C-alpha cells in the first residue's frame, strides 16, 4: 500500500499548496472515502482512496510540473477570486495540469509568479524558515536617507511583528522618486509596501523579478512558460540545499 499524508496528495493534485491544503482539511472541507477529515495526520493511498474537496473528486497527479508567469498588475495570485477578478490561471491557456501559485504577489504588483503541483518544493519556496531570497524592483516616493535604508536592513516592526533584515540597494534617483532593489525571504501580506510606508517612502510601483534560482528573463508582461529540464534540475537542487540547511539548524 502506497500511503502518503493527505495534504501532500492534495497539493500534488493541484488543489492548493501544502499549507493551503492543511487549511482546507482543518476547515472540514475534505472527505476521504465519504468521511470528513479534520486532522492533519491522516494518510491515504492515492491509487485507492477517493478524496473529495468541497464535494469534488480529485485526481492525484503522478507528474510534477513547473511554470513561470510574468503577472501583470490588477491580477490575483490565486486560483479563484470570489469577486470575479482575473487570476493568474487566466494567463495560462492550454495548461491542463492542476497547478497553483507559490507564495504571494500583491494584486497591484507585477512580476514573477512560480506555479506548480509539487507540494514539497512549493513549501520550501513559500515558508520563511527556508529563507528563499525574493528580489523586487521598487520605485518609492522621495529619496530615502542612509538611516532609512539601514532600518530596512535591520528589520522593520509592522503590525504583525518584525520583518527579517532585508537587503536594499539604490539603483537610480529619479525626479521625485528612487528606484531600488529590495531582497527579502518572507511573504507577509503586502510586506514591502508596509515596510516602505514605515520609513516614510510609499511605493509607487513594485515588480518581483527573482525567486531563488528563478527569474523573469525572456518573459514579457502576461507571458508564461514551462521550465526546461535543466532549470528543473537546478530548481530541485536549490530546494534540496535549502531544506538541508534548515534540517541542520533544527
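All of the numbers you see were taken from the coordinates with simple rules; none came from a lab. All of these numbers come straight from a predicted model, not from anything done at the bench. Glycine also receives a Cβ, built like all others from the backbone with ideal geometry; neighbour counts cover every protein chain displayed.
By the count of other C-beta atoms within 10 Å, a proxy for reagent exposure, 125, 238 are ordered fewest to most as 238, 125. Taking 0.36 nm per residue of separation and subtracting the current Cα-Cα distance, fully stretching the chain between residue 175 and residue 228 would add 15.0 nm. Taking only the Cα atoms of the range 133-211, the radius of gyration and Dmax are 11.3, 33 Å. Gyration tensor over the Cα atoms of the range 4-57: the corresponding equivalent ellipsoid has semi-axes (square roots of 5 times the eigenvalues, largest first) of 13, 12, 11 Å. Take every pair of alpha-carbon atoms less than 8 Å apart whose residues are at least six positions apart; their mean separation over the length of the chain yields a relative contact order of 20 percent.
Per residue, the average separation of C-alpha pairs within less than 8 Å and at least 6 apart gives the range 133-211 a relative contact order of 47 percent. So what's the back-of-envelope 222 nm ellipticity for the chain, counting only DSSP H runs of four-plus at -39500 (n - 2.57) apiece and dividing by all residues, rounded to 500? Theoretical 222 nm ellipticity from helices: -7500 deg cm²/dmol. Label positions at residue 52 and residue 95, each projected 7 Å from the Cα along the C-beta direction, are separated by 2.8 nm. If both residues of a DSSP beta bridge must be in the chain, then about 95% of such bridges are antiparallel.
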